[in-house]
Amino acid sequence: MQRVCFQLQVRPDRLDEYRTRHRAVWPEMLAALRSTGWHNYSLFLRPDGLLTGYFETPSLQAARDGMARTDVNARWQAEMAPFFVELQGTPDQGFLQLEEVFHLE
């Protein structure tokens, strides 16, 4: 299982709305994530808007490709993109993936 950690920067003036949106993620989006290999997925948000995400997947590329084939993902990414600073592409494609340098099993 591949462990993926990533960062994005949420616009400071949109933090409250970002939190609100993630308290009510669409059920069909949750189902799509699960069915395309995004497991043990968490998001962490600093007060300054630095967002760190973590998930596990058999294959990052397969997980991304699977979501790209869903209509719900296109709608979700379009709604979420304006929340981020200096985003290139969609949030699920434009995040900065971090290098894993240690893991305690």
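The values are calculated or read from the model by the stated rules, or taken from the named source; none is laboratory data. Values in this document were obtained by computation on a predicted structure and should not be read as measured data. With ideal geometry, Cβ positions are generated from the backbone for all residues, glycine too; neighbour counts draw on all protein chains shown. Side chains included, ligands, DNA and RNA excluded: accessible areas come from the protein's heavy atoms. Shrake-Rupley method; radii C 1.70, N 1.55, O 1.52, S 1.80 Å.
Tabulated data
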{"item": "Efficiency of FRET between residue 34 and residue 7 - r from beta-carbon atoms, R0 35 angstrom, step 0.05", "result": "0.90"}
{"item": "For residue 80, net neighbour charge (Lys/Arg +1, Asp/Glu -1) across residues whose Cβ lies under 13 Å away", "result": "+2"}
{"item": "Tensor-based shape of segment 6-45 (alpha-carbon gyration tensor, a/c under 1.5 rounded, otherwise prolate or oblate)", "result": "oblate"}
{"item": "Centre separation in Å (Cα based) which lies between segment 1-42 and segment 56-105", "result": "9"}
{"item": "Mean separation of Cα contacts under 8 Å (6+ apart) over length of the chain, as relative contact order %", "result": "40"}
{"item": "Distance (nanometres) between label positions extended 7 Å along Cα→Cβ at residue 14 and residue 41", "result": "1.8"}
{"item": "Potential lengthening between residue 26 and residue 74 on full extension [0.36 nm per residue; Cα-Cα distance subtracted]", "result": "16.0 nm"}
{"item": "Ranking by accessible area, most exposed first, for 71, 48 with a 1.4 Å probe", "result": "71, 48"}
{"item": "Where the chain is the region considered: accessible area per residue in Å², 1.4 Å probe", "result": "62"}
